[in-house]
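Taken together, the values in this text are just the output of simple stated rules run on the coordinates, not laboratory data. Remember, predicted model here, so these are calculated numbers, not experimental data. For neighbour counting, all protein chains shown are included, and Cβ atoms are generated from backbone atoms with ideal geometry for every residue, glycine included.
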Amino acid sequence: MESLSQEKVLVIDFGGQYNQLVARRVRECNVYCEIYSYKTDLQKIKDMNPKGIILTGGPSSCYEEGAATCSPELFSLGVPVLGLCYGAQLMSHVLGGKVERAAAREYGKTEVDVDVTSPLFCGVTPHTVCWMSHFDYISQLAPGFRAVATTANCPVAAAECQEKGLYAIQFHPEVLHTAEGSKMLYNFVRNICGCAGSWKMDSFVASTIEEIRKKVGNGRVLLALSGGVDSSVAAGLLSRAIGKQLTCVFVDHGLLRKNEGDEVESVFGEGGQFDLNFVRVNAQHRYYVKLAGVTEPERKRKIIGEEFIRVFEEEAKKIGAVDFLAQGTIYPDVVESGLGGESAVIKSHHNVGGLPDFVDFKEIIEPLRNLFKDEVRQAGLELGIPERLVFRQPFPGPGLGVRIVGDVTEEKVKIVQDADAIYREELEAAAAAYKKENGKEAPWMPNQYFAALTNMRSVGVMGDERTYDYAIALRAVQTIDFMTAECSCLPWEVLQKSMSRIINEVRGVNRVLYDISSKPPGTIEFE
Ligand code: XMP
């Protein structure tokens, strides 16, 4: 799946926390880019024939022994290079300038004066705001460079050597806090590197379909479809490319959200909009039997994962040998696995991790392995996959198995499905009303929200009768990376209306609690 990469910018990763963000911002300029480790061989970099190179930030000090570095030759390839933060310091250091430790760290939003005659700052406001995060600074420019930006504490907030196409920025244009950072990156990739900006999702979809056809020929492809965004978009692409040569196996493990199995089937099954062989395996009861009486969360996860492999293996045997096993691996999976786009990654999602050992196939095909999540969503829309599927909130592979505390039973699954459906309906209705009234997204809109079933039963009273029923926990979190999260400040009415409907409409529930824990110390899921 390489043909779109003809016009390519390379992001050389020095370990900075924003490296993926740099790549995303470049792609927002409709320029294709890939991330490679700073250890990548120079010859390999040359062979990729990049239109530009960006060196990211990183935690090292470039003047220290053993610090992450690069070959001086990188700067004389005749390809424009932009160094960001550590990358800027390294460029200066390698080319004969001086980098030193400052007396104090410069951190946070900082006012910066930029020289708008520099092509890097063309169209940028002369006095603007940037995001700084550094201890070291460029105390002396490398020969041939001139400073083109300064802050109160940083004499060289940016530098350039136009003749050689070398640019250095001490701050982080990739971070949204740098007000005009996107413009600066646009100037670099589109004007300085001269990229035409042909990386667009409609052309990605069209050319990937062609590539899949070429690669697969008359072969058969098997895909495990979970109904999540990645596997759905992979299914859509493959179906458009090879139609019935594709078989999608969708395992309903009985731990999906309310009506979810039917929704997936209505899109990808018989009579849906895609031409493919769709196999739905209704394995609910197998899972309930295996999970009966198991209370330990990790054990439950293991059982669910293992059972998935068993079910899939049985289906794969019925289908027989296939030529390709398709996977919905996306670019962050590739980058995070440290392989930097070099070799096939087996996605370590619990649902598909391990599958390749049990399926008779010749090759893996990963049509989305170059895409970021937002690009996957755009491709999904291009393919006509319904918005509710494309913009689905994250849903864990083990499904409601990680939203039921204690043992899982069919009755508990039904309770949590019904309560969750009501809660999502109320929250989404309130969010839509807010958006309509205010013309913007509600500030409390969570990135993930769901109901979970606590294993707690307690005394209540309904009508004249005493009840002894379950407590439902509602969860709503705001998060950027899902590694840390804060509880959303949901409007009281949303919580109250959800509570009242859940208690009235879902049998077996007499209390509704709102989980206000953040992560850490909590987790997002409730298991
Ligand atoms: P936690 O609960 O660990 O969740 O704070 C962080 C994010 O990961 C999702 N999650 C999973 N996703 N398989 C997945 O595909 C899993 O086993 C799994 N467990 C948690 C969770 O929904 C949240 O978005």
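For segment 82-192, a/c is not less than 1.5, where a ≥ b ≥ c are the root eigenvalues of the C-alpha gyration tensor, and a/b does not top b/c. That puts it in the oblate class.
Do you know the relative contact order of the chain, to the nearest whole percent, from alpha carbon pairs under 8 angstrom that are 6+ apart? Rounded, it is 10 percent for the chain. Note on segment 153-296: dipole from Cβ charges, positive end direction compared against 238, 201, 217; the farthest Cα belongs to 217. For 166, 495, the sequence from fewest to most other C-beta atoms within 10 Å is 495, 166. The DSSP beta bridges internal to the chain are antiparallel in roughly 50% of cases. If a paramagnetic tag sat 7 Å from the Cα of residue 500 along the Cα-Cβ line, which residues of segment 400-427 would have the backbone N under 11 Å from that point? Correct set: none at all. A P(r) calculated from all alpha carbon pairs of segment 479-527, with 5 Å bins opening at zero, reads 5, 18, 21, 18, 19, 13, 6, 0 percent.
I'd like to know which of 77, 159, 124 lies farthest towards the positive end of the charge dipole of segment 2-192, counting +1 on Cβ of Lys and Arg and -1 on Cβ of Asp and Glu. Highest projection toward the positive end goes to 124. Cα gyration tensor of segment 391-477, axes a ≥ b ≥ c as square roots of the eigenvalues: rounded (a/c below 1.5), prolate (a/b > b/c) or oblate? The shape class here is oblate. The ranking of 507, 25 from fewest to most other beta carbons within 10 Å of each one's beta carbon is 507, 25.
By the Cα gyration tensor, segment 420-460 has an equivalent ellipsoid whose semi-axes, rounded to whole angstrom, run 28, 10, 8 from largest to smallest.
Centre-to-centre separation between the Cα atoms of segment 153-181 and those of segment 450-527: 47 Å.
Between residue 135 and residue 213, the contour length at 0.36 nm per residue exceeds the alpha carbon distance by 22.9 nm. Taking the Cα centre of segment 2-192 as origin and assigning +1 to Lys and Arg Cβ atoms and -1 to Asp and Glu Cβ atoms, the resulting dipole is close to 200 debye. Taken about its Cα centre, the chain carries a charge dipole of roughly 180 debye when the Cβ of each Lys and Arg holds +1 and the Cβ of each Asp and Glu holds -1. Taking label points 7 Å from Cα along the Cα-to-Cβ direction, residue 459 and residue 146 give a separation of 8.4 nm. Gyration tensor over the Cα atoms of segment 2-192: the corresponding equivalent ellipsoid has semi-axes (square roots of 5 times the eigenvalues, largest first) of 23, 19, 15 Å. Each pair of Cα atoms in the chain enters the Kirkwood radius, and Stokes-Einstein at 20 °C and 1.002 mPa s then converts it into a translational diffusion coefficient of 83 µm²/s. Is segment 411-527 rounded, prolate or oblate when judged by the Cα gyration tensor, a ≥ b ≥ c being the square roots of its eigenvalues, rounded requiring a/c under 1.5 and prolate requiring a/b larger than b/c? Taking the square roots of the gyration eigenvalues as a ≥ b ≥ c, segment 411-527 is oblate. With r as the distance between the Cβ atoms of residue 111 and residue 387 and R0 = 51 Å, compute the FRET efficiency 1/(1 + (r/R0)^6) and round to 0.05. Efficiency for this residue pair is about 0.80. For segment 30-96, the set of GluC sites (Glu not before Pro) satisfying both a DSSP loop assignment and a count of at most 10 other C-beta atoms within 10 Å is given as 64, 65.
Residues 362, 8, ranked from the fewest to the most other C-beta atoms within 10 Å, line up as 362, 8. Here the contact order of segment 421-520, divided by its residue count and restricted to Cα pairs under 8 Å and six or more residues apart, works out to 28 percent.
I'd like the FRET efficiency for residue 125 and residue 466, computed as 1/(1 + (r/R0)^6) with the beta carbon distance as r and R0 of 60 Å, rounded to 0.05. About 0.30, to the nearest 0.05.
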